[in-house]
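See below for the structure under consideration.
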Amino acid sequence: MYWHTSEHYLSKLQRPISIWSLHGRVLVVAEKPKAARKIAEALSSNYIVRKYYSLPYYEIKQDGLTIIIASAAGHLYELYTSQSGYPVFTYEWVPAYIANQEKKHVKIYLDLLRELFKNCNYYVNACDYDIEGSVIGYLLIKNHGDEKRALRAKFSSLTPAEIRESFTKLSPLDYPMIEAGLCRHELDWMWGINISRALMHAVLTATRKKVILSAGRVQTPTLKHVYEYEVKRGVFIPLPQYSITVTVKKGSDLIVFEYVKNPVESSQEAKLIKQIVEKSKFLIVRNVESSSIRYNPPPPFNLSDLQDEASRIYGFSPMKTQEIAEQLYLDALISYPRTNSQKLPPTLNYKAILSKLGENREYRDLVTRLLSETKGFLKPREGEKEDPAHPAIYPTGIQPGELSKEQKAIYDLIVRRFLATFAQPALVYHLKIEVSTPDNKYFFTATGQSIENPGWFVYYPFHTPATKLLPYMRPGEKLEVVKVTARESYTKPPPKLKKIDILKWMENIGIGTESTRAIIIEKLFDRGYLKNTKDGVEISDLGMGVIEVIEAFFPDLASVELTRKFEVLMDEIMHGKRKREEVIMEAKRVIKTLLDNFDQKINEVGVNLSKKLALINNYEKCIIPECRGDVYTKGLCRLHYNALESIIKNYEEWTRRKQISYNEYLEKLAKMKSTGKYVRDVLNYYLLKNKK
């Protein structure tokens with residue numbers, strides 16, 4: 001039976017329907033060319049390849065039904081305004097090649113789709129089932145087709161079986177997701193264009209010079225986080241500390257025990273303990289504790305967990321991992337990667353996937369071992385996080401073709417993590433031995449560990465603990481002291497941020513989405529606000545200047561709370577609890593209020609920004625070379641003055657820990673690599689500048 005429907009039928013559809021029950025011409029829109037080809041191959045082995053100039057599309061004919069599959073190229077429509085100045089709240093969706101000169105290459109995709117839409121009876125949005133895919137397909141259908149005759153295909157992998165099944169269960173367009181997606185684009189556009197134009201206008205007002213500056217709803221709070229972190233590192237002063245170890249003899253073995261209160265803060269205390277232990281000649285075993293600790297398997301990957309592991313193991317940036325995972329998805333090797341879920345679908349045929357993975361010689365032995373250990377009872381260990389659109393990332397079992405080294409690395413991580421979720425817990429034996437001086441006054445410990453049952457470490461070895469063996473000892477046993485060491489070290493500053501650290505912060509704080517976080521981070525680098533060094537991420541002078549001005553005059557612009565508030569509102573749209581129009585109106589109100597306040601201080605803002613951009617030089621600068629900060633007091637800008645105060649304050653703590661004169665303290669700090677940048681500046685160009 002074929003459906004001969006009125007234009008209102010699909011919008012009132014109560015149950016999913018099959019594409020094969022439709023009659024006439026159906027246009028299926030995929031998000032990427034690879035996906036379009038995969039859909040055509042899945043729906044029929046007799047598809048016809050047609051060409052629009054050099055661009056392929058596909059046609060399937062069957063019993064009065066013609067299915068045409070064509071591809072978008074990501075977003076073919078973008079927001080645009082012809083209105084200059086700010087505030088600007090008048091905008092429209094226009095072809096991307098009109099709004100963005102860098103997207104001229106997408107014109108041919110839109111030209112083809114425009115032609116294909118003309119003669120079709122129905123339309124299927126088969127773009128990725130997420131907010132972006134819903135918006136991409138919707139805007140094409142809205143501008144060139146008929147929403148009332150539109151359907152949605154939902155799949156989490158590009159395997160033939162899942163594609164075929166999804167096209168037998170087509171549903172109406174997913175309007176809550178569409179509305180949330182449209183709202184996100186509109187909010188980000190309004191925020192970005194208005195604040196960016198306002199900042200640039202402030203500089204123009206102050207200097208008559210045009211510069212390119214940008215701010216963003218999620219971008220600016222993220223930049224502020226990096227700024228605050230870098231400032232904390234910049235004013236860091238290392239403090240002396242002492243670790244005491246004792247090497248004892250047990251038969252032919254030498255074992256090193258650590259003082260239980262390491263690190264010791266006082267050099268005098270460390271020296272005293274060292275002397276007492278040396279005089280003791282031996283230590284007595286007071287306690288031996290052993291335990292077997294069970295380590296449960298990890299959950300399957302969501303995108304951020306995959307990005308985290310790829311960064312830790314391979315040093316890949318979040319964006320690189322995301323792009324590789326998306327390529328693996330388009331090749332049907334893994335499920336959809338832009339997911340927050342740590343749960344696998346219960347309907348997934350785990351055994352069938354494992355059998356297919358076992359055809360790959362790299363995983364054959366692992367699969368055989370896993371099926372033997374589990375006796376075929378495959379129950380994954382899952383995490384708490386869920387995603388309404390997609391499950392956790394899993395391998396489809398389809399055999400990979402030629403993969404690059406980096407693609408192979410990510411694919412291998414995903415396969416091994418998938419296997420590990422079904423494996424047994426790992427069992428690790430832990431041993432702790434506590435010894436003391438004969439008078440029971442000073443205690444030292446040594447720890448060892450060994451793997452009793454490797455469990456899931458076999459399949460996912462990247463967390464396997466190192467084995468450290470200790471000889472057998474019993475309470476009351478005496479151990480000869482061979483050597484006592486008191487080592488001086490210094491407290492360390494927070495490590496430099498890596499891109500993955502920024503992404504995890506965004507996730508934990510609740511701003512951005514799985515799809516957008518890595519993109520936003522890269523945008524901060526593209527804008528010149530952040531830069532990479534061999535040790536990690538640094539904020540540039542431009543990035544610092546923008547944040548300092550925003551923080552001084554419009555702290556709400558960099559507010560995590562304000563950004564998170566709108567994230568919550570958009571989530572409510574997705575769940576049908578709020579209308580997009582309400583959220584847009586609230587955003588307009590907030591932006592207008594911010595800009596009204598901005599205009600009252602525009603000259604001051606412009607001057608301050610221009611100083612940071614080196615467009616204005618005739619002002620009293622901080623005496624530290626290369627610093628463009630205004631003098632706050634004593635010839636120093638606020639940051640460098642804070643560093644000076646920290647130097648003075650911390651001398652008292654240094655003297656408590658070790659005997660040292662003030663000049664020796666200053667010279668020591670100046671030479672230490674762990675001393676913060678602003679502290680070193682003050683030392684070299686302010687406190688020590690006249691010393692030889």
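The values are calculated or read from the model by the stated rules, or taken from the named source; none is laboratory data. Since the structure is predicted, the reported quantities are computational estimates derived from the model, not experimental observations. FYI the Cβ positions are ideal-geometry reconstructions off the backbone, even for glycines, and counts take in every protein chain you see.
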Output for the stretch 413-438, where each listed residue is surrounded by fewer than 20 Cβ atoms within 10 Å (Cβ to Cβ), over 15 Å from Glu258 (Cα atoms) and either among the hydrophobic types (A, V, I, L, M, F, W, C) or without any contact (Cβ under 8 Å) to a residue 24 or more places away in the chain (or both): Leu427
Pairs where the first residue, in the stretch 485-498, is farther than 19 Å from Glu265 by Cα and the second is among the hydroxyl-bearing types (Ser, Thr, Tyr) and in a loop (DSSP other than H, G, I, E, B), C-beta under 9 Å, 6+ apart: Lys496/Thr533; Lys498/Ser317
Only one of Asp556, Asp501 that is in contact with a Ser or Thr (Cβ under 9 Å, 6 or more places away or on another chain) and closer than 16 Å to Trp191 by Cα: Asp556
Within the stretch 523-548, considering residues that are within 18 Å of Trp191 (Cα to Cα) and surrounded by fewer than 21 Cβ atoms within 10 Å (Cβ to Cβ), the one farthest from the chain's Cα centre (by Cα): Arg527
Residues of the stretch 382-436 that turn out to be in a helix (DSSP H, G or I) and among the hydroxyl-bearing types (Ser, Thr, Tyr), as a count: 1
Filter pass, Leu669 being under 30 Å from Thr207 (Cα atoms) and touching a residue at least 40 places away in the same chain (Cβ under 8 Å): no
Filter result for Lys379 (basic (Lys, Arg) and assigned to a loop (DSSP other than H, G, I, E, B)): yes
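Let's see how each residue does on (1) in contact (Cβ under 8 Å) with a residue 60 or more places away in the chain; (2) among the basic types (Lys, Arg):
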residue	(1), (2)
Asp556	no, no
Val560	yes, no
Phe566	yes, no
Asp571	yes, no
Arg580	yes, yes
Met585	no, no
Matching residues, the stretch 87-108, being crowded, with 22+ Cβ neighbours inside 10 Å and either out of contact with any Leu (no Cβ under 7 Å at 6 or more places or on another chain) or under 25 Å from Leu158 (Cα atoms) (or both): none
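What's the total number of residues in the stretch 623-657 that are more than 30 Å from Val607 (Cα to Cα), surrounded by fewer than 19 Cβ atoms within 10 Å (Cβ to Cβ) and out of contact with any Phe, Trp or Tyr (no Cβ under 6 Å at 6 or more places or on another chain)?
First, pick out the residues of the stretch 623-657 that are more than 30 Å from Val607 (Cα to Cα): 647-657.
So of that shortlist, the ones also surrounded by fewer than 19 Cβ atoms within 10 Å (Cβ to Cβ) come out as 648-653, 655-656.
Among the residues that remain, those that are also out of contact with any Phe, Trp or Tyr (no Cβ under 6 Å at 6 or more places or on another chain) are: 648-650, 652-653, 655-656.
The number of residues fulfilling the criteria is 7.
Only one of these is under 30 Å from Lys523 (Cα atoms), touching a strand residue (DSSP E or B) at 6+ places or on another chain (Cβ under 6 Å) and either of a type outside the set (D, E, K, R) or in the same structural domain as Glu452 (by TED's automatic domain parsing) (or both): Ile273, Ile334, Ile313. Name it. Before the answer, list the steps.
Working: Ile273 fails: under 30 Å from Lys523 (Cα atoms); Ile313 fails: touching a strand residue (DSSP E or B) at 6+ places or on another chain (Cβ under 6 Å).
Criteria check complete, one pass: Ile334.
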Subset of the stretch 348-368 [under 29 Å from the mean Cα position of the chain (by Cα) and in a loop (DSSP other than H, G, I, E, B)]: Leu348
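Taking the options Ile293, Ile284, Ile276, name whichever one is over 30 Å from Val605 (Cα atoms), surrounded by fewer than 18 Cβ atoms within 10 Å (Cβ to Cβ) and touching a His at 6+ places or on another chain (Cβ under 8 Å).
Details: Ile284 fails: touching a His at 6+ places or on another chain (Cβ under 8 Å); Ile276 fails: touching a His at 6+ places or on another chain (Cβ under 8 Å).
Criteria check complete, one pass: Ile293.
Within the stretch 454-489, work out how many residues are surrounded by fewer than 16 Cβ atoms within 10 Å (Cβ to Cβ) and assigned to a strand (DSSP E or B). First the steps, then the outcome.
Restricting attention to the stretch 454-489, the residues satisfying the condition of being surrounded by fewer than 16 Cβ atoms within 10 Å (Cβ to Cβ) are 454, 461-469, 471-472, 474-476, 478, 480, 482-483, 485, 487-489.
Now narrow it down to the ones that are assigned to a strand (DSSP E or B): 468, 478, 480, 482-483, 485, 487-489.
Result for the stretch 454-489: 9.
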Selected residue [under 20 Å from Ile131 (Cβ atoms) and surrounded by 20 or more Cβ atoms within 10 Å (Cβ to Cβ)] from Ala72, Ala42, Ala36: Ala72
Hits in the stretch 171-192 - residues which are in contact (Cβ under 8 Å) with a residue 60 or more places away in the chain, surrounded by fewer than 21 Cβ atoms within 10 Å (Cβ to Cβ), assigned to a helix (DSSP H, G or I) and over 24 Å from the mean Cα position of the chain (by Cα): Pro176
Members of the stretch 439-451 that are under 38 Å from the mean Cα position of the chain (by Cα) and surrounded by fewer than 13 Cβ atoms within 10 Å (Cβ to Cβ): none
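This table checks each residue for (1) at pLDDT below 95; (2) of a type outside the set (Val, Ile, Thr); (3) more than 33 Å from the chain's Cα centre (by Cα).
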| position | (1), (2), (3) |
| --- | --- |
| Thr593 | yes, no, no |
| Ile602 | yes, no, yes |
| Leu609 | yes, yes, no |
| Leu615 | yes, yes, yes |
| Pro625 | yes, yes, yes |
| Leu636 | no, yes, yes |
| His640 | no, yes, no |
| Ala643 | no, yes, no |
| Arg657 | no, yes, yes |
Residue within the stretch 135-152 that is surrounded by 20 or more Cβ atoms within 10 Å (Cβ to Cβ), modelled with pLDDT of 95 or more, within 27 Å of Glu572 (Cβ to Cβ) and of a type in the set (Ser, Thr, Tyr) present: yes
